[in-house]
Structures are given as structure tokens and as C-alpha cells.
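Everything on this sheet refers to the single structure shown next.
The values are calculated or read from the model by the stated rules, or taken from the named source; none is laboratory data. Since the model is a prediction, treat every value here as computed from it, not as a measurement. With ideal geometry, Cβ positions are generated from the backbone for all residues, glycine too; neighbour counts draw on all protein chains shown. Accessible surface is based on the protein model in full, side chains and every heavy atom, while ligands, DNA and RNA are left aside. Shrake-Rupley method; radii C 1.70, N 1.55, O 1.52, S 1.80 Å.
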Amino acid sequence: MVGQYKGVQARILKNNPRAFFTPCAAHNLNLVLQNSAKVSTRAVTFFGFVERIYNFFTASTQRWNVLKTHCDLYSVKKWSETRWESRLSSVKALRFQFKQIINALDDIIDITDEPIAKSEAQSLYNEVGSFEFIISLIIWYDILSEVNIVSKQLQDPKMQIGISVSMLKGLITFLEKYREYGFQKAENLAKELAVSIDIEPVFKIKRHRKKKRNFDYEGSDAISVDPKELFRTEFFILVLDSTIVSIINRFDQLQTYNNNFGFLFNFGKLKNMPDDEIRKCCQDFQIALTDVIGGEENKDIEAIDLFQEILIVREIVEENLTALQTLSLLKKTNGSFPNTEIALRILLTIPVTSAGAERSFSKLKIIKNYLRNSLSQYKLTNLALIAIENDIADLINMDDFIDSFAAQKARKKQF
């Protein structure tokens, strides 16, 4: 759909070069997490162990009952590639119940008679009960919890571009600060947790595999012998750098919108902006909304007229009004500010997220189940509409529809 040569984006831009393509911000943020979880071998194995814990306890009712006797705060969960909050939920259950889960594994090792289950429990106990896993757990929870806050806000249908850009900048600032000071903080928390469950808070020395070299003149790479520094560079720094760079690259389009439309986010603040700066913003905005087809220039606004209108609008608009409230106010002026209205309509129709539309696809497996296998497209569309707009459907009195339907289908005639 987003292909720049044959996708929907390319087809729309071919008919209207001034159209704006905006990928779903919430979905992009989820892709950032997916990519960050794959850049390091330690990160991949970490989420592998998290999933193994879930699979181990849910594979048997006896093991699940043992887990429930120890963990009463959260339930272990399976993370998913497509569900945006699943990684945080799965990590959160371990982060605040780590001691209880270790005790549950210890109990299963003692009481189970199954060789495979005992071996699996012992393997998980040894791997999960390591200091590297504990500090990885704390680091991932800190990162995922902050990202999840921004992700939930980006899924709001009323989210505006200016606010989304500010939130993403705040997230990048947090990640940059966490890169500098977060490792020491996570290490201190991990040491406290490790000591509480009698785990030695030290990094294990990793054996490095020597690669065969075909030529003598190849220089050997300097390898850090400090396991702590090795863990910091191969996991902590690598994951955070990948996350920061990915956010900056994936949300470059939103930053472009902020540069073009930024002066329209709040008209009240334009009162303190110099006129020359406003004129320059209007000229740049006209260039962004102009294209040339067959030697003919097509544009949506006139920069000079927009500048003159803004000088008046900024005086009649209160400082705390949003772009949507400003547009509603200008509609009452009987078209006195046409360029300003066009600019605000373009700004407000650029979507920040399409999370609501993507969620509607998950309704299909609920509506079209094995009992409705032969459902026609007409009925499927109507049922999906009712399911998606359930807030409106709940206000409708279904008894009236049932009586009307029964009256039309009744075979008995009244004489």
C-alpha cells in the first residue's frame, strides 16, 4: 500500500501531487520496538526466555496452579509481534513478580516427576536466574513503559500533529538521557533484586569464539574482556541507539509537517511572532502546497493573502484555542478568511494514526466464524459496521426493529 512506485501512495500522488502520505504513527512506533528487539542476540534470547516461561506454565494445569499460588499480582502473558502492548504486559509480569516466579520454578523442580518438565524447569531457573537476565528485564521495562505511554496517546483519534511531534521529541529526549545514565540505575536495581533472591550480582564471563583467518596481515579486533562493559555495548547501547535512530527516521514525515504547518498549531502564539517571520512561514507553506503539471502552476493558497489574514485572525483568536476550535470560529465569519480556512482544513485532515481502522480488521474473526461461514458480503458489511460503531448501536432500541421485521415476515394476514 505504501509503495512509492506501484502502491496506493504512488497512485494517489500521481493524480494529486499535493496530497500528503502519512503512515500510522502508532504502527510505526510498534515497528520501532520490533526492530530494536532484533538488533542484539541478547535481546532476541531475552524475549525467547519470556515466551518460554509463559509456554512452560500454561502447558500444564499443575504448573499453572503452582504459579498462581506464588503470583497474585499479574499473570504471565505471551507477547505478540502485532499487538502493540503485549511486550510490555509480558515483561511487567516478570518485572514485579520475579522472586515469585523463581520460587514457582523451584517448587516445580522439587515436586514434578516428569523428566522433561523437570529439565525444562531447571533450564529456565538457571537462565532466568542470572544477573544478565535481571538487568535486561529492568532495562526493557523502563524502555517499553515509556514507549507505551506515547503509543497510547498516538492512538487517540483526536491526536493533532503538533502534540504528536512534541511527544515523540520527549520520547527521544528520554531515550538519549537513559542511554547516558540509565545503565547504572538499572544495575543498582538489579543488584537489589538479585541479592533478595540469593543470586550473585556479577556478569558472567563470555567465551569468545576465535575465527579462522586466511591471511596473516589481517589485524585482530580488540575485544573487551570486561563482561559488564561487553554487556553494556552489545545490548544496552545497541538497543537504545537502534531505537533512537529508528524513531528519527520513521517519523521524519511528521517533522516535515511540523516545519510546514507549525505556525498554524496555535494562532494565539502568533501575536508574539515578528511579521517577517510569519511572512516567511506563509511563503514556505505556499511552496509546500504548490506543484507544476504541464507547465501550469497549481497551488491551494496565496502566501500574501494568507499573511494578511493571519495578521487579523491572531488578534481575534484566544491564545488557548486549538486549530480545530479556530477553524470552527472562522466558519462563522462567512468566508472572510478563505486562505486561513483552507490551510486549517488541510492541517486537520492529515491523520496522525489509523489505529482505529486497523482494529476493525480484528472484528472479522469474531463476526465471520464457523457458524456464519456462508455469510454474504452485504450482511458481513452491515454486521461489521454494527460491531465497529457499537457505541451508537447500544443506543438503538432493538425491540422496534424486531417487531417491524416480524410484521413484514409474518405469513398470517390480518383481516
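Data for the structure
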read-out: The stretch 1-18, subset more than 13 Å from Gln253 (Cβ to Cβ) and among the hydrophobic types (A, V, I, L, M, F, W, C), residue surrounded by the fewest Cβ atoms within 10 Å (Cβ to Cβ); value: Met1
read-out: Counted residues, the stretch 129-150 - those being within 19 Å of Ala93 (Cβ to Cβ), assigned to a helix (DSSP H, G or I) and in contact (Cβ under 8 Å) with a residue 40 or more places away in the chain; value: 15
read-out: Some residue of the stretch 57-78 being under 27 Å from the mean Cα position of the chain (by Cα), under 28 Å from Ile350 (Cα atoms) and not small (Gly, Ala, Ser); value: no
read-out: Residues located in the stretch 314-342, provided they are over 15 Å from Phe261 (Cβ atoms) and part of a helix (DSSP H, G or I); value: Arg314, Glu315, Ile316, Gln325, Ser328, Leu329, Leu330, Lys331, Lys332, Thr333, Pro338
read-out: Those residues of the stretch 38-87 which are open to solvent by less than 20 Å² (accessible area, probe 1.4 Å) and in contact (Cβ under 8 Å) with a residue 60 or more places away in the chain, in sequence order; value: Ser40, Ala43, Phe46, Ile53, Phe56
read-out: Sole residue being over 30 Å from Lys299 (Cα atoms) and modelled with pLDDT of 90 or more, chosen from Ala37, Ala104, Ala26, Ala43; value: Ala104
read-out: Flag if Glu297 is more than 36 Å from the chain's Cα centre (by Cα) and either touching a residue at least 24 places away in the same chain (Cβ under 8 Å) or assigned to a helix (DSSP H, G or I) (or both); value: no
read-out: Residue, modelled with the lowest pLDDT, within the stretch 340-365, restricted to residues that are surrounded by 11 or more Cβ atoms within 10 Å (Cβ to Cβ) and β-branched (Val, Ile, Thr); value: Thr353
read-out: The stretch 230-246, residues that are open to solvent by less than 50 Å² (accessible area, probe 1.4 Å) and either basic (Lys, Arg) or not in a helix (DSSP H, G or I) (or both); value: none
read-out: Pairs, first touching a residue at least 40 places away in the same chain (Cβ under 8 Å) in the stretch 378-395, second assigned to a helix (DSSP H, G or I) and basic (Lys, Arg), C-beta under 9 Å, six or more apart; value: none
